[in-house]
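Report on one structure; see the data block that follows.
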Amino acid sequence: MFLPDHIGSIGVFDSGIGGLSVANAISGLLPRESMLYVADNGNAPYGARTNEEVLAFSRRITDFLLAGGVKMVVVACNTATSMAIDTLRELYPEVPFVGLEPAVKPAATGVRVGVMATAVTLRSARYLALRDKYLSGHQVWENPCAGLVPLIEEYGPGSPEIRRYLSELLAPAGPLDTVVLGCTHYPLIAADIAAVLPPGARVIDPSGAAARQVQRLLEKRDLLVATDGQTRYDFLATAGGAPLQRTLRALDQLNRNRRWLVPAVTVSRAAINF
């Protein structure tokens, strides 16, 4: 069984490469911190899974990360946050968790707001409460973006396939002035999204806010790395590692401190109890 030693690191997981947008924001804000990242692309996309499946995947990956010695778990997936983070906090009360939610509050200054998120996120009580609180009275266009996550995993930012999909998706939405990225995959294609929106439209990426919450929690618990040392980032995938490889090449800081990227041929699924 392969299990990297990551005592005192930050654990991060997502259904695939989307959580790299959050990991990249954390690395920029907290460059001394090491990270252990799990991409569960063998079970992706989470947005097409049942609530029970998403919770089961999240528990298993959390157990794996904690067995590796991480001091915090970042649920870098809006769908898993919606379905699992409350249960994870109950099961592991001593572990600090940071989750991702659609950045609805900063979108409240918009007039016609778009929310791009998975079907699981859009139907979750967490999202619906945020929408009712901050976007009541607004014109809100919501879309589950079916098929977008696999396209991002396969083709990546800037591809003709992504641009074609977004053009067709957003055409019926009308003149949106604000778009909330409610899935951590979507910041990776933020430039593509902006290119098909009206000029001046805001695209709201929650990655920076998540990184700042990581910093606040680590400071509160006196868990920040205090001195320069050997920062290392290890990336594990439950299926092929090609999407991670491609995406990391465009994320300089994460790539610079990368130690391992290990796909499922080396990481047995039993190691994560799948």
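Just the residues that are of a type outside the set (Gly, Ala, Ser), in the same structural domain as Ser167 (by TED's automatic domain parsing) and part of a helix (DSSP H, G or I), please, taken from the range 182-238.
Result: Tyr186, Pro187, Leu188, Ile189, Asp192, Ile193, Val196.
Just checking, does the range 50-60 include any residue being in contact with a His (Cβ under 9 Å, 6 or more places away or on another chain) and either among the aromatic types (Phe, Trp, Tyr) or over 17 Å from Gly241 (Cβ atoms) (or both)?
no
Tell me which residues, restricted to the range 51-70, are surrounded by 15 or more Cβ atoms within 10 Å (Cβ to Cβ) and of a type in the set (D, E, K, R).
Result: Arg59, Arg60.
Could you please find all residues in the range 127-150 being more than 20 Å from the chain's Cα centre (by Cα), among the hydrophobic types (A, V, I, L, M, F, W, C) and loosely packed, with under 15 Cβ neighbours inside 10 Å?
Passing the criteria: only Ala129.
Are any residues in the range 48-73 under 24 Å from Glu154 (Cα atoms), in contact with a strand residue (DSSP E or B) (Cβ under 8 Å, 6 or more places away or on another chain) and either not hydroxyl-bearing (Ser, Thr, Tyr) or not assigned by TED's automatic domain parsing to the domain that holds Leu224 (or both), and if so, which ones?
Matches in the range 48-73: Ile61 only.
Working only within the range 151-162, note down all residues that are out of contact with any Lys or Arg (no Cβ under 7 Å at 6 or more places or on another chain) and crowded, with 16+ Cβ neighbours inside 10 Å.
Leu151, Ile152, Glu153, Tyr155, Pro157, Ile162
The values are calculated or read from the model by the stated rules, or taken from the named source; none is laboratory data. None of the values given here were measured: they were computed from a predicted structure. Neighbour counts are summed over all protein chains in view; Cβ atoms, including those assigned to glycine, are modelled from backbone coordinates with ideal geometry.
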